[in-house]
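In what follows, a structure is listed as structure tokens, so that the remarks can point back to it.
The values are calculated or read from the model by the stated rules, or taken from the named source; none is laboratory data. From a predicted model like this one, the values you see are computed outputs, not experimental measurements. Cβ atoms come from the backbone with ideal geometry, glycine included; neighbour counts cover every protein chain shown.
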Amino acid sequence: MRFSIYRYNPETDQKPYMQEYDLDTEANNCYMVLDALLAIKNTMDDTLTLRRSCREGVCGSDGMNINGKNGLACTTHLSSLKEPIVIRPLPSLPVVRDLVVDMTQFYQQYEKVKPYLQNTDPAPAKERLQSPAERAKLDGLYECILCACCTSSCPSFWWNPEKFIGPAGLLQAYRFIADSRDTQKSERLADLADPFSLFRCRGIMNCVDVCPKGLNPTKAINHIKELMLEEAV
Amino acid sequence: MNLATQLFDAVIVGGGGAGLRASLELAQSGLKVAVISKVFPTRSHTVSAQGGINAALGNTDGSDDWRWHMYDTVMGSDFLGDQDAIEYMCKNAPQTIYELEQMGLPFSRLDDGKIYQRAFGGQTRDFGGELVHRTCCAADRTGHAMLHTLYQKNIEAKAKFFNEWFAVDLVKTPEGIAGVIALHIETGEVVFLQARATVLATGGAGRIFQSTTNAHINTGDGFGMVLRAGLPLQDMEFWQFHPTGIAGAGVLITEGSRGEGGYLINKNGERYMERYAPHLKDLSCRDVVARSSMIEIREGRGCGPKGDHVLLKLDHLGADVINKRLPGIRELSITFAGVDPLKNPIPVIPTCHYLMGGIPTNVHAQVLTVKNGQDHVVEGLYAAGECACVSVHGANRLGANSLLDIVVFGRAAGLHVQQSVREGLGYRTPSPADIEAALAGLQRWNSNQNGESVDTIRTALQKIMQDDFGVFRTAEHMREGFKKLEKLQERLKLASIKDKSQCFNTSRIEALELDNLMATALATAYLANERTESRGAHARYDFPERDDKNWLKHSMYFADGKIDFRSVNMKPHEVETITLRDRE
């Protein structure tokens, strides 16, 4: 199969370029995009640089842009792709080298939403109780793997990466707002009430389209808006 | 060589569950702490744990007892587990779960609002009686939920992280461990992180095998570092093969799928575990189930055109149970096996999963060595999690005891480091030669030219381990494998990387990891050859029985090939010793 891969090493390259590789994917036992990238790195060109860890879609290391769409290399089947397979780093984040992007801004937006349970009541001796229905509200939220496929596909984030929290961060904001054990719902809503943090979402829904875990940040964002309205009334 | 030095009270190497639990304890204490992790913490392998975490809460069954949990763990360990450590873990398990819940871990729930608990392998009531439901879970994504929760709490506690920094080697002085040499992956910068206490939480090394459930990053970095510092590793012959890795891909299918009622079948559709283990059947210990599956395959009852796997049947559980309790399994099975478990059974095979052995420690996570037959604490060095051998798993780990191990002993490490620093644990000052020694491996890779590639050596190493040190072992195969490994080690010394750049050079990282894989593989080969009995996960055709007279002891391996032994602790503090007996 033919691959066209974005290359840039700041130590040696004036500017980025696309490099072509022809790989016998069958002989190398490659089923997923990650298999092919590692086969290229191992047998053809050890300078090709990418992140990878679990290779099963739960660690979120290998988010990249594959034939124009963000996704995880390890869960994207080669058989589902047209040739040449064009692989680029996640858009809008600064490139460190090849397919490795600088995710500092993405993590900063995540940290802004105080992504941890806050409960000001005294801790009980055992677990805090939570009904199965209350717990079910966290499904579709807690599974986020922080791969940044959604946020880096969001035009609103491209325009305002310093001020708009982006879909991944907002999904986690709602994960804690929706948790029956968290006591800081009002404070969390107030923190998002400025014109940028949440309201730069224009409902474009690229995030929903690309999420490799099938999560729906737009829905979470709309829930936050509804709750803000309720608080205001 | 003049290196930039940074001073900390504690440096934690590794950002998985054990490292993050230790750092949380320390960040909240006001000490100056740094976590260095070669990946962003939520990319650590804890994220892949699925089924759950054991604690005798009795939520599902109405009653349970940590003493029963302890009994099961000792039995599961085939008596190689240290009973004082197992007692500490099982007794502290309920409190540990409540802490995690209060941190925000989104556990699945029962109708009464308590944490849901499922059945898992080897878990019984009344000391070997009926199956018990002891495994707390967040659907089948418990490790993900735990790792993210711990990382989130570390954000709140403002812990300091060095993300995408690689620990090259420990710096050793005559008094103990002075800290660690660390390489910033993004820039190539090398610094000496000097610490009163260095905590290794570097996880496992499943990548020594060809077929493994482990992440690419599980390369035994702590094992290589400890061996190069002249310290021993313990019980390295005990590798767990998980009965249900997806055939071909190696991806894990949780034991929780059998806990929820799934079972294994051979090509005749027979539920063969009923024949091998009539009492616990598919929920027997993992070593028992893995061996049974391999026997089925070897005796011609395997499935598929090549008869090279068995099948895990789940469709009878129905869509409700699968979608609610095992949604991640369904997703993995569809992606990696092309099979929807709602309709068809999943092709599975025993797959390398977990190392019971590791860096010997006491229950405070202090690293031990042996001098003149006596345990000796290594000053300034701790280890917790899969890289440590405390030993709560002995010769075979029970499912859902690993997530418990990492939080219980990560916490224990944090507590003891605090206490030691308050009691005046100081710094050890290395000589220039001590620093040079810790840089030797890195300098070799920087200067070697025109050698074989990292991938060539790594592939050969994984093939040797897979062929000669798998589920069943014999002296003949292991001797062969051992000879091949020794030759490969010589080739590794001359291997080289073409990419010498500084910026995010993952080839250099893989090269350093390969040194650690080789060190781990050699330790495994030495000790597996040495132990002439079958116990837990170490199963030999030529010595099929457990031999308590000669082998009820921990084995220790040093990098120079020296082998030593430690006795197994059979003296718990609060309960009676669990005495030797046969397993099912």
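Quick one: is residue B:313 among the basic types (Lys, Arg) and over 30 Å from residue B:88 (Cβ atoms)? Please lay out each step first, then the result.
Working: among the basic types (Lys, Arg): yes; over 30 Å from residue B:88 (Cβ atoms): yes.
Yes; evaluated as a whole, the condition is true for this residue.
Taken over the stretch B:420-436, the residue count meeting the criterion of being within 24 Å of residue B:18 (Cα to Cα) and touching a residue at least 24 places away in the same chain (Cβ under 8 Å) is 5.
Total residues in the stretch A:151-193 satisfying the condition of being polar (S, T, N, Q), assigned to a helix (DSSP H, G or I) and more than 13 Å from every other protein chain (Cβ to nearest Cβ): the figure is 5. Every condition in (1) within 30 Å of residue B:570 (Cα to Cα); (2) surrounded by fewer than 24 Cβ atoms within 10 Å (Cβ to Cβ); (3) in contact with a Gly (Cβ under 8 Å, 6 or more places away or on another chain) holds for residue B:73 except the one numbered (2). When A:226, A:134, A:230, A:162 are screened for being modelled with pLDDT under 95, surrounded by fewer than 22 Cβ atoms within 10 Å (Cβ to Cβ) and of a type outside the set (A, V, I, L, M), only A:230 passes. The set of residues in the stretch B:29-56 that are crowded, with 24+ Cβ neighbours inside 10 Å and either aromatic (Phe, Trp, Tyr) or in a loop (DSSP other than H, G, I, E, B) (or both) comprises B:38, B:39, B:44, B:49, B:50, B:51, B:52, B:55, B:56. Those residues that are surrounded by fewer than 17 Cβ atoms within 10 Å (Cβ to Cβ), among the polar types (S, T, N, Q), part of a loop (DSSP other than H, G, I, E, B) and in contact (Cβ under 8 Å) with a residue 12 or more places away in the chain, I need them from the stretch B:543-584; list them, please. Listed by number, the list holds a single entry, B:577.
Residues in the stretch A:24-56 that are more than 7 Å from chain B (Cβ to nearest Cβ) and in contact with a Cys (Cβ under 7 Å, 6 or more places away or on another chain): A:32, A:34, A:36, A:39.
If you check residue A:148 against the conditions, is it among the aliphatic types (A, V, I, L, M) and assigned to a helix (DSSP H, G or I)? Walk me through it before giving the result.
Details: among the aliphatic types (A, V, I, L, M): yes; assigned to a helix (DSSP H, G or I): no.
So residue A:148 does not fit the description; no.
When residue B:396 is evaluated against the numbered criteria (1) buried (at least 24 other Cβ atoms within 10 Å of the Cβ); (2) more than 12 Å from the chain's Cα centre (by Cα), which criterion, by number, is the only one it fails? Failed condition: (2). Residue B:386 satisfies every condition listed in (1) more than 13 Å from the chain's Cα centre (by Cα); (2) modelled with pLDDT of 95 or more except (1). The listed residues are B:438, B:395, B:412, and the only one of them that is under 20 Å from residue B:175 (Cβ atoms) and small (Gly, Ala, Ser) turns out to be B:438.
Name the single residue, out of those in the stretch B:189-232 being in contact with a helix residue (DSSP H, G or I) (Cβ under 8 Å, 6 or more places away or on another chain) and on the phi > 0 side of the Ramachandran plot, that is surrounded by the most Cβ atoms within 10 Å (Cβ to Cβ). By that ranking, first place goes to B:220. In this structure, residue B:511 does not qualify as more than 14 Å from chain A (Cβ to nearest Cβ), of a type in the set (Gly, Ala, Ser) and either in contact (Cβ under 8 Å) with a residue 12 or more places away in the chain or more than 30 Å from residue A:51 (Cα to Cα) (or both). Applying the condition of being in contact (Cβ under 8 Å) with a residue 24 or more places away in the chain and not hydrophobic (A, V, I, L, M, F, W, C) to the stretch B:405-419 and asking which residue is surrounded by the most Cβ atoms within 10 Å (Cβ to Cβ) yields B:410.
Taken over the stretch B:253-269, the residue count meeting the criterion of being surrounded by fewer than 24 Cβ atoms within 10 Å (Cβ to Cβ) and either within 14 Å of chain A (Cβ to nearest Cβ) or among the aromatic types (Phe, Trp, Tyr) (or both) is 1.
Scanning the stretch B:460-507 for residues that are free of Cβ contacts under 8 Å to residues at least 40 places away in the same chain, within 14 Å of chain A (Cβ to nearest Cβ) and part of a helix (DSSP H, G or I) yields a total of 1. Only strands (runs of 3 or more DSSP E) whose full extent lies in the stretch B:63-165 are considered here, and the ones with at least 2 residues that are farther than 17 Å from residue B:53 by Cα and within 12 Å of chain A (Cβ to nearest Cβ) are B:160-163. The set of residues in the stretch B:100-147 being within 23 Å of the chain's Cα centre (by Cα) and of a type in the set (Gly, Ala, Ser) consists of B:119, B:121, B:122, B:138, B:139, B:143, B:145.
Say whether the condition of being of a type in the set (S, T, N, Q) and surrounded by 21 or more Cβ atoms within 10 Å (Cβ to Cβ) is met by at least one residue in the stretch A:36-44.
First, the residues of the stretch A:36-44 that are of a type in the set (S, T, N, Q): A:42-43.
Subsequent filtering for residues that are surrounded by 21 or more Cβ atoms within 10 Å (Cβ to Cβ) retains none.
Within the stretch A:36-44 (the criterion being of a type in the set (S, T, N, Q) and surrounded by 21 or more Cβ atoms within 10 Å (Cβ to Cβ)), the answer is no, since none of the residues qualifies.
Regarding the stretch B:287-304, can at least one residue be identified that is within 30 Å of residue B:179 (Cβ to Cβ), touching a Gly at 6+ places or on another chain (Cβ under 8 Å) and crowded, with 20+ Cβ neighbours inside 10 Å? Full working, then the answer.
Let us first name the residues in the stretch B:287-304 that are within 30 Å of residue B:179 (Cβ to Cβ), namely none.
No, there is no match, as no residue in the stretch B:287-304 is within 30 Å of residue B:179 (Cβ to Cβ), touching a Gly at 6+ places or on another chain (Cβ under 8 Å) and crowded, with 20+ Cβ neighbours inside 10 Å.
Taking the stretch A:70-125 as the range and being of a type in the set (Val, Ile, Thr), surrounded by fewer than 16 Cβ atoms within 10 Å (Cβ to Cβ) and either without any contact (Cβ under 8 Å) to a residue 60 or more places away in the chain or closer than 18 Å to residue A:211 by Cβ (or both) as the test, only A:104 passes.
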